[in-house]
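Following: one structure in structure tokens, then a few remarks.
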Amino acid sequence: MAPGGFSEYPKGNLGLYNSNLEKDACGVGFIANFKSDQSHQLVSDALVMLDRMEHRGGCGCEENTGDGAGIMVGMPIKFFHRIAKEAFDVQLPKLGNWAVGNVFLSRDPAVRATWKKKVEQVIAARGIKLIGWRLVPTENKTIGRSALRTEPFVEQVFVENTKGWSPKKFDLELFVVMQGVRKLAVASDAEDQIYICSLSSQTMVYKGQLTSAQVPEYYLDLQQKDFLSHFALVHSRFSTNTFPSWDRAHPNRVLCHNGEINTLRGNKNLMFSREGAMDCPLLPGETDLLLPICSENFSDSGNFDMCLNLLSKASDRSLPESVMMMLPEAWQNNTNISSEKRAFYEFNSCLMEPWDGPAMIAFADGRYLGCILDRNGLRPNRYYVTEEYVVAASEVGVIPDIPGETIVEKGRLQPGKMFLVDFESQAIVRDDELKHQLASSRPYGEWLHQNM
């Protein structure tokens, strides 16, 4: 680890440690108001959910050093409007035309200044306006020695879309920025000096090498009464065969993961092999800016997250469609599957092989929030639906005081099935309805007949 770095995991193999066996097995849950009404109570309830799944996370020899925990929220609009006015005297534009990202930086002032400058240069090169940097208020009195020794300097970068891009195009450009910064860090052997937790116009991630209970204690933003959201996705990490670190905590940029990706070696090799032939029509002549996607230094969750980012941001696929490509249901010998759905899976199997678990993935991008079990179905997930809210988690009893009379539906996630909230339509989209819609959106059967 370099001086001021926020990670102590080895670069490469060390003794019995093998970097190819980086796996996560954890507690995952989310709560959402599917009518998109933002509230601080929802954030508070999500943090209670996180605390009630602390037993699903891990800790080291110190009880107050966790394997990692965190929360993803829909952009807290009111809070950041206030912060932008106070910190920069700026009135933020309409949602979708500005973004905020939490950034882990070195504790060394000189190193930190160097990397902030490099981040600014990458942002400017994409034609994005930098609004400014904000020091994230934190309180580290409760965290353990191991986490304290590698504690990063956490700042937020505020940027604005002044090019008139659509929100999807803006988020693609922000992904290019994150990849550009990552490339510079890899080239400088400085991946423990700079890490962008998230940079999006729709979502925000707060995470770290913390226990579940430490998340709201450490990030003081989460305690502010005007910190409002319409959804929250939480994660308590148990790092199997891995070295915990601040950057490997969840949520990742679009997902949380419970389980393992046991096909990871093949998944990464095939992604590496595709990079030479990859082309992104949304970035003509600039596909190389998206690469590389996978890394030997990422956990299985980190590699899955990067691939899902690529599919959902650098193509016209939606997030749910991208998830279906990576985690298909068991379709080959299923005689009850529709011809449209069979054609969808068969066609996409030529583009992407399954990332098989056992795994439960929860995902969000601001428009969609959902979860899915891989086809093995060996990770728990139960959900409740009330008249306004939906709650899904690795176990029941994680949200206090849900009146029984308000519950309109209970259930559990089944192998290969997806549970999805669409905030735009303010509705839960059923698995059969969603997959029929996506499978029928393009002539997959015709394409197969013509080309195979």
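Structural remarks
- Reported count of residues in region 329-365, each being among the hydrophobic types (A, V, I, L, M, F, W, C) and more than 24 Å from the chain's Cα centre (by Cα), is 7.
- Summed over region 429-445, the residues that are out of contact with any helix residue (DSSP H, G or I) (no Cβ under 9 Å at 6 or more places or on another chain) and surrounded by 15 or more Cβ atoms within 10 Å (Cβ to Cβ) give a count of 1.
- Boolean, Ile372 is within 18 Å of Arg430 (Cα to Cα), outside any loop (DSSP other than H, G, I, E, B) and hydrophobic (A, V, I, L, M, F, W, C): yes
- Asn252 surrounded by 16 or more Cβ atoms within 10 Å (Cβ to Cβ) and of a type in the set (S, T, N, Q): yes
- Options Met324, Met352; residue that is out of contact with any Gly (no Cβ under 9 Å at 6 or more places or on another chain), in contact (Cβ under 8 Å) with a residue 24 or more places away in the chain and under 14 Å from His436 (Cα atoms): Met324
- Within the option set Phe347, Phe363, being in contact (Cβ under 8 Å) with a residue 40 or more places away in the chain and more than 26 Å from Val100 (Cα to Cα) holds for one residue only, Phe347.
- Comparison of Ile131, Ile83, Ile123, Ile71 shows that the only residue that is more than 23 Å from Ser236 (Cα to Cα) and outside any helix (DSSP H, G or I) is Ile131.
- Filtering region 424-452 to residues that are touching a residue at least 60 places away in the same chain (Cβ under 8 Å), small (Gly, Ala, Ser) and not in a helix (DSSP H, G or I) leaves Ala427, Ser440.
- Pro109 satisfies every condition listed in (1) open to solvent by 50 Å² or more (accessible area, probe 1.4 Å); (2) within 17 Å of Met204 (Cα to Cα) except (2).
- Among the residues of this structure, Asn64 does not count as one that is of a type in the set (S, T, N, Q), under 30 Å from Leu47 (Cβ atoms) and open to solvent by less than 10 Å² (accessible area, probe 1.4 Å).
- Residues that are touching a residue at least 12 places away in the same chain (Cβ under 8 Å) and either open to solvent by 10 Å² or more (accessible area, probe 1.4 Å) or out of contact with any Phe, Trp or Tyr (no Cβ under 7 Å at 6 or more places or on another chain) (or both), drawn from region 389-402: Tyr389, Val391, Ala393, Ser394, Glu395, Val396, Gly397, Val398, Ile399, Pro400, Ile402
- Tabulated pairs, region 163-178, first in a loop (DSSP other than H, G, I, E, B), second open to solvent by less than 20 Å² (accessible area, probe 1.4 Å) and among the β-branched types (Val, Ile, Thr), C-beta under 8 angstrom, 6+ apart or interchain: Lys163/Ile128
- Only a single criterion out of (1) surrounded by fewer than 17 Cβ atoms within 10 Å (Cβ to Cβ); (2) in a loop (DSSP other than H, G, I, E, B) is not satisfied by Glu409, namely (2).
- Of all the residues in region 69-106, those that are open to solvent by 50 Å² or more (accessible area, probe 1.4 Å) and β-branched (Val, Ile, Thr) number 1.
- Residue within region 136-159 that is among the acidic types (Asp, Glu), open to solvent by 50 Å² or more (accessible area, probe 1.4 Å) and under 28 Å from Val43 (Cβ atoms) present: yes
The values are calculated or read from the model by the stated rules, or taken from the named source; none is laboratory data. Fair warning: this is a prediction, and the values are worked out from it, not measured in the lab. Ideal geometry is used to build each Cβ from the backbone, glycine not excepted, and the neighbour counts take in all protein chains shown. Areas reflect the complete protein model, heavy atoms only, side chains present, ligands, DNA and RNA absent. Shrake-Rupley method; radii C 1.70, N 1.55, O 1.52, S 1.80 Å.
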